[in-house]
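**Q** Got a structure here, written out as structure tokens. Questions coming.
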Amino acid sequence: MAAAFTALFAGDIGFGEHFMHHPRAASLQRKLGAEGRAASLSGLACLFDAADVAVGNLEAPLSDRPDPALAARKPGLAWSRPEEAAAALRDAGFTALSLANDHALDCGREGLAETRLRLARVGIRPFGAGPDATLAGLPWLAPFETAGRARTLAVFSAFEYRPVYDHAFRWYTNRGLPGVAPLSPLRLRRDITRVRQRLPEPLVVAFPHWGESYAPTSDAQRAAARQLVAAGADIVIGHGAHVAQGFEMVGGRPVIYGLGNCAWNTPGRFGIEGVAPIGLVALLSFAEIGPPLLRLVPILTDNATTGFCSRPLGEAAFARFAAAHGAGWATGRVGGAPCLERLVPLGETAARQAPASALAPPGR
């Protein structure tokens with residue numbers, strides 16, 4: 001189909017500076033030193049070229065000063081070379097980046113503010129975290145037109161509730177401090193209502209950071225997805241597990257539980273955890289007529305194999321992936337890469353009238 005507008009959704013992103021001194025990271029040092037950070041996203045350029053806008057999950061703050069107060073309490077603090085990282089994200093084609101994740105404040109609240117400022121300076125919209133609850137909870141909005149009609153893509157991002165991030169790390173904005181937006185279907189329903197009242201024909205995407213690293217979809221994620229659909233989300237696209245998770249239809253809405261990594265330059269735990277080193281890139285395309293087309297491109301994210309440059313699966317690997325996971329989906333291509341695809345009619349359904357009792361914030 002000829003697309004009038006295409007939005008790309010990518011998973012976890014970080015260029016790996018905080019792993020540079022790992023014994024298995026010598027090749028990363030050479031990669032970043034010789035080719036720069038943009039090289040880690042170059043293998044996906046064919047997909048970015050096929051999109052009008054692109055959004056992802058930025059897990060490494062654009063700051064080089066990890067918070068010393070967290071150093072002894074929170075392992076794996078992420079940081080970056082901020083100018084180089086910001087330029088690489090801009091050059092890759094990102095339009096917006098979610099900061100609602102478990103690394104957003106690894107460089108403290110000053111690092112969060114610096115990240116937001118550096119993204120804005122290179123023309124990328126940060127969302128999902130901010131100086132207060134109102135700003136952190138604002139969606140990223142992308143206006144577009146189909147068949148001469150104005151429409152809006154509204155993407156809401158939030159981080160699932162984890163007690164240690166609330167009580168020990170004070171990560172969320174619910175304490176009146178700068179931080180990340182907590183995942184709350186109740187708040188999402190209220191915010192979606194406002195969006196539908198104010199914007200022309202919005203298509204609402206919930207973009208949550210959730211799940212356990214290198215683990216399959218959990219019951220808690222499935223329960224939360226039902227709540228997000230009940231709250232009014234048209235599509236749920238999750239991230240945070242560093243590995244592709246399942247995808248299914250919930251209440252007539254597509255739910256992709258985990259995109260996995262986009263470019264996450266760490267040694268990885270795929271072999272240790274016994275999981276496939278595969279991520280997903282999702283593309284949502286709107287034609288002049290008919291329902292939107294959702295395409296899922298599986299990508300290889302094993303840095304030991306790719307040389308820290310994720311790329312779409314080859315034909316044989318894609319065929320195996322499609323046979324295992326593609327029930328109910330057709331196969332196609334986007335940007336020359338093989339993909340799974342399906343049309344997703346997104347009219348009003350009974351899910352919109354779910355009772356408030358179904359919308360309790362998960363985990364709280």
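**Q** If one computes P(r) from the Cα atoms of the stretch 132-249, what percent of pairs lie at distances over 23 Å?
**A** Values: 2359 of 6903 pairs.
Considering the stretch 132-249, 34 percent of its Cα-Cα pairs are separated by more than 23 Å.
**Q** With +1 on each Lys and Arg Cβ and -1 on each Asp and Glu Cβ, and nothing else charged, work out how big the dipole of the chain is about its Cα centre, in Debye to the nearest 20.
**A** Numbers: 36 positive and 31 negative charges, 125 e Å.
The calculated dipole for the chain is roughly 600 debye.
**Q** A further question on this structure: Report in % the part of the accessible area of the chain that belongs to carbon and sulfur, leaving out ligands and nucleic acids; probe 1.4 Å.
**A** On the way: 7720 of 14190 Å².
Its accessible area is 54 percent carbon and sulfur atoms.
**Q** Still on this structure: Quick one: which of 248-255, 271-278, 35-42 comes out on top by average Cβ neighbours within 10 Å, and what's the full order, highest first? Write down the numbers at each step before the final one.
**A** On the way: 248-255: 18.1, 271-278: 15.1, 35-42: 19.8.
Result, highest mean first: 35-42, 248-255, 271-278.
**Q** Let me ask something else about it. Of the trypsin sites (Lys or Arg not before Pro) in the stretch 73-139, which ones lie in a loop per DSSP and count no more than 12 other C-beta atoms within 10 Å? Spell out each step's value before the answer.
**A** Working: sites: R73, R90, R109, R116, R118, R121; in loops: R73.
Filter output for the stretch 73-139: R73.
**Q** What does the accessible area of F19 come to, in Å² to the nearest 10, when a probe of 1.4 Å is used?
**A** Using a 1.4 Å probe on the heavy atoms, I get roughly 60 Å².
**Q** Once you have the Kirkwood Rh of the stretch 59-119 from its Cα pairs, apply Stokes-Einstein at 4 °C and 1.567 mPa s and quote D in µm²/s.
**A** Working: Rh = 11.6 Å.
Answer from the Stokes-Einstein relation: 112 µm²/s.
**Q** What accessible area per residue, rounded to a whole number of Å², is obtained for the chain using a probe radius of 1.4 Å? Can you show the working numbers first?
**A** Values: 14190 Å² over 364 residues.
That works out to 39 Å² for each residue.
**Q** Just order 291-303, 3-15 by mean Cβ neighbour count inside 10 Å, highest at the front, would you?
**A** Working: 291-303: 22.5, 3-15: 25.1.
Result, highest mean Cβ count within 10 Å first: 3-15, 291-303.
**Q** To the nearest whole percent, what portion of all C-alpha pairs in the stretch 260-352 is separated by more than 15 angstrom?
**A** Numbers: 2753 of 4278 pairs.
Of the Cα pairs, 64 percent sit more than 15 Å apart.
**Q** OK, next. Determine the percent antiparallel among the DSSP beta bridges restricted to the chain, to the nearest 5. Can you show the working numbers first?
**A** Numbers: 39 of 68 bridges.
DSSP beta bridges in the chain are roughly 55 percent antiparallel.
**Q** I've got another one for you. Can you give the helix-only mean residue ellipticity at 222 nm for the chain, where every DSSP H stretch with n ≥ 4 adds -39500 (n - 2.57) and the sum goes over all residues, rounded to the nearest 500 deg cm²/dmol? Before the final figure, lay out each step's value.
**A** Working: 11 runs with 93 residues, N = 364.
So the helix-based figure for the chain works out to -7000 deg cm²/dmol.
**Q** Looking at the stretch 1-101 from every direction and averaging, what is the projected area of its Cα convex hull in nm²? Write down the numbers at each step before the final one.
**A** Values: hull surface 30.4 nm².
About 7.6 nm², averaged over all directions.
**Q** Which values, in whole Å and largest first, are the semi-axes of the equivalent ellipsoid of the stretch 196-246 obtained as the square root of 5 times each eigenvalue of the Cα gyration tensor? Each step should come with its number before you reach the end.
**A** On the way: eigenvalues 125, 26, 9 Å².
Equivalent ellipsoid semi-axes, largest first: 25, 11, 7 Å.
The values are calculated or read from the model by the stated rules, or taken from the named source; none is laboratory data. Here the structure is a predicted model, which is why all the values come from computation and not from measurement. Note: ideal-geometry Cβ built from the backbone for every residue, glycine included; neighbour counts use all protein chains shown. Protein only, heavy atoms only, side chains kept; ligands, DNA and RNA dropped before computing areas. Shrake-Rupley method; radii C 1.70, N 1.55, O 1.52, S 1.80 Å.
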